[in-house]
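One structure is given below, encoded as structure tokens.
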Amino acid sequence: MDLRRDSSETKRKILTVCVRLFLEQGYKNTSVSQIVDEAGVARGSYLNLFPTKDKILLDLTETMFGGQFGMARSITDTKLPPVYAYALETAIQLTLTELNENLREIYIEAYSLPETSEYIYLHTTAELKQIFSANFPDYSDSDFYEMEIGTAGLMRNYMARKCDIHFPLERKLSRFLTAAMRVYRVPEDELEQTVRFVERLDIRSIAERVMHALFQTLAMHYDFSLQEMEAPLISETEETT
């Protein structure tokens, strides 16, 4: 019993330090030596629980993605078609990566690594089937899973390409939404209306609120102080556009 309690406490310490450091200085800049030093645990204990940083990122990804579609639905009008929630949820993700460079890195790694990307595929497949099943009446979960692999690749690549004066956020969102919704056979008139809906929103303000809510959720879930985290790192290109 004591061994299990010690292991659980060690895991909690490691996760607390890792998530804070990932948000403060980035995933790649956080070293194992820094983690074990700040967590006050033995390197061997760390490696027994988390052989790689990817395992920690999986835990963080599950927490981050758990309520994203629900949050998008709470913002959109319940009378609107479900595709609007899809458009808003993906637009928020893309905007978050323009507001904070460390979040960009976390999202890109999550969409790139095998275990974290698999979690995203499986989590999103259920949402996609619920939203787009009328367009694919004969499709199974496997069919939607396979389509999600493709649109998740689009998402990852658009996240990786930073906005600048030649490729502002509004164009990035329009390009991604148009490409992704065509994969899901959204009729062109509905697609255009949905893109216009997102364009009329103050998506930066919405994403900032979501980001602060996310930080608060992570701080409570992993038990660290928000005071240790600085204000969001607004990209210079976004300040000038």
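The values are calculated or read from the model by the stated rules, or taken from the named source; none is laboratory data. If you're wondering where the values come from, they're calculated on a predicted model, not measured in any experiment. Quick reminder, even Gly has a Cβ in these numbers, built from the backbone with ideal geometry, and neighbours come from all protein chains shown. These accessible areas exclude ligands, DNA and RNA; they are computed on the full protein's heavy atoms, side chains included. Shrake-Rupley method; radii C 1.70, N 1.55, O 1.52, S 1.80 Å.
Looking at region 26-39 only, could you name the residues that are open to solvent by less than 60 Å² (accessible area, probe 1.4 Å) and either in contact with a strand residue (DSSP E or B) (Cβ under 6 Å, 6 or more places away or on another chain) or not polar (S, T, N, Q) (or both)?
Once the filter is applied, which keeps residues that are open to solvent by less than 60 Å² (accessible area, probe 1.4 Å) and either in contact with a strand residue (DSSP E or B) (Cβ under 6 Å, 6 or more places away or on another chain) or not polar (S, T, N, Q) (or both), region 26-39 yields G26, Y27, V32, I35, V36, A39.
Is it the case that S174 is among the polar types (S, T, N, Q) and more than 26 Å from K79 (Cα to Cα)?
When the stated conditions are applied, S174 does not pass them.
Which of the numbered conditions does A91 fail, given that it passes all the others? Conditions: (1) touching a residue at least 24 places away in the same chain (Cβ under 8 Å); (2) open to solvent by 10 Å² or more (accessible area, probe 1.4 Å).
In the conditions (1) touching a residue at least 24 places away in the same chain (Cβ under 8 Å); (2) open to solvent by 10 Å² or more (accessible area, probe 1.4 Å), A91 misses (2) alone.
Could you give every pair whose Cβ atoms fall below 7 Å, whose first residue belongs to region 203-229 and is at negative phi and of a type in the set (S, T, N, Q), and whose second residue is open to solvent by less than 40 Å² (accessible area, probe 1.4 Å) and modelled with pLDDT under 85, counting only separations of at least 6 or pairs across chains?
Final answer for the pair search is S225/A219.
Looking only at residues that are farther than 12 Å from R156 by Cα and of a type in the set (D, E) in region 97-137, which one is least open to solvent (accessible area, probe 1.4 Å)?
Checking each candidate, the answer is E98.
When the residues of region 179-217 are narrowed to those that are farther than 21 Å from L169 by Cβ and modelled with pLDDT of 95 or more, which ends up most open to solvent (accessible area, probe 1.4 Å)?
In this case the residue turns out to be R185.
Among (1) open to solvent by 10 Å² or more (accessible area, probe 1.4 Å); (2) within 30 Å of Y222 (Cα to Cα); (3) in contact with a Leu (Cβ under 8 Å, 6 or more places away or on another chain), which single condition is M147 missing?
Checking M147 against (1) open to solvent by 10 Å² or more (accessible area, probe 1.4 Å); (2) within 30 Å of Y222 (Cα to Cα); (3) in contact with a Leu (Cβ under 8 Å, 6 or more places away or on another chain), the one that fails is (2).
For residues in region 56-100 being of a type in the set (F, W, Y) and modelled with pLDDT under 90, which is nearest to P187 (Cα to Cα)?
F69
Select from region 68-88 the residues that are touching a residue at least 24 places away in the same chain (Cβ under 8 Å), open to solvent by less than 40 Å² (accessible area, probe 1.4 Å) and over 20 Å from E146 (Cβ atoms) and list them in ascending order.
If the condition is that a residue be touching a residue at least 24 places away in the same chain (Cβ under 8 Å), open to solvent by less than 40 Å² (accessible area, probe 1.4 Å) and over 20 Å from E146 (Cβ atoms), then Q68, Y84, A85, A87, L88 are the ones that fit.
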